[in-house]
Amino acid sequence: QVQLVESGGGSVQAGGSLRLSCAASGRIFSINAMAWYRQAPGKQRELVAVMPSGGSTNYADSVKGRFTISRDTGKNAVYLQMNSLKPEDTGVYYCNGVVKTWPSLEFGAYWGQGTQVTVSS
């Protein structure tokens, strides 16, 4: 019903920057919130940043001041600007959207396939 496709991952040295993008498509009536999660090897998936519609953004303490989440509601897209990257930021980054679909008009949580971010020291 809904597809989320991420792009923008890659390899970078510590201190560098990357910008992730995620575009949602399909039977979208509205999007309540969009977020970025990440999963490091051997660890659980964790919330990095979330941007609700009409609400304030929230960030994991570990990325505050370095990462910025933004949305383009007209394109059903969400972005993550990552600056001052650290090796501990390495992981697979997933886009998440809470989407109301048509014709059911029910909310569901949808995930992208993930994009790898590798930060070397």
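The accessible area of residue 105, taken with all protein chains in place and a 1.4 Å probe, comes to roughly 90 Å².
If you take all C-alpha pairs in segment 36-79, what percent of them are over 18 Å apart? When all Cα pairs of segment 36-79 are counted, 33 percent exceed 18 Å. Over all alpha-carbon pairs in the chain, figure out the percentage whose distance exceeds 17 Å. More than 17 Å apart: 53 percent of the Cα pairs in the chain.
Going by accessible surface with a 1.4 Å probe and the largest first, 82, 51 read 51, 82. For segment 4-66, the equivalent ellipsoid derived from the alpha-carbon gyration tensor has semi-axes of 23, 16, 13 Å in decreasing order. Lysines near residue 43 by alpha-carbon distance under 28 Å, same-chain residues fewer than 8 away left out - which ones? Straight-line reach from residue 43, under 28 Å: 64, 86. Scalar couplings 3J(HN,Hα) for segment 73-79, obtained by applying the Karplus form with A = 6.51, B = -1.76, C = 1.60 to θ = phi - 60°, are 5, x, 9, 6, 10, 9, 10 Hz; x denotes Gly and Pro. Rounded to the nearest whole Hz, the Karplus-based 3J(HN,Hα) values (6.51 cos²θ - 1.76 cosθ + 1.60, θ = phi - 60°) of segment 53-64 follow the sequence 5, x, x, 7, 7, 9, 10, 5, 4, 5, 10, 4, with x at glycine and proline. Note on segment 62-117: Rg/Rh from Cα positions, Kirkwood definition for Rh, rounded to two decimals, is 1.06. In this structure segment 22-66 gives 57 Å² per residue of accessible area when probed at 1.4 Å with all protein chains present. Surface composition of the chain: carbon plus sulfur atoms hold 49% of the accessible area, using a 1.4 angstrom probe and ignoring ligands, DNA and RNA.
The values are calculated or read from the model by the stated rules, or taken from the named source; none is laboratory data. Just so it is clear, the model here is predicted, and its values are computed rather than measured. Keep in mind that these areas ignore ligands, DNA and RNA; they rest on the heavy atoms of the full protein, side chains included. Shrake-Rupley method; radii C 1.70, N 1.55, O 1.52, S 1.80 Å.
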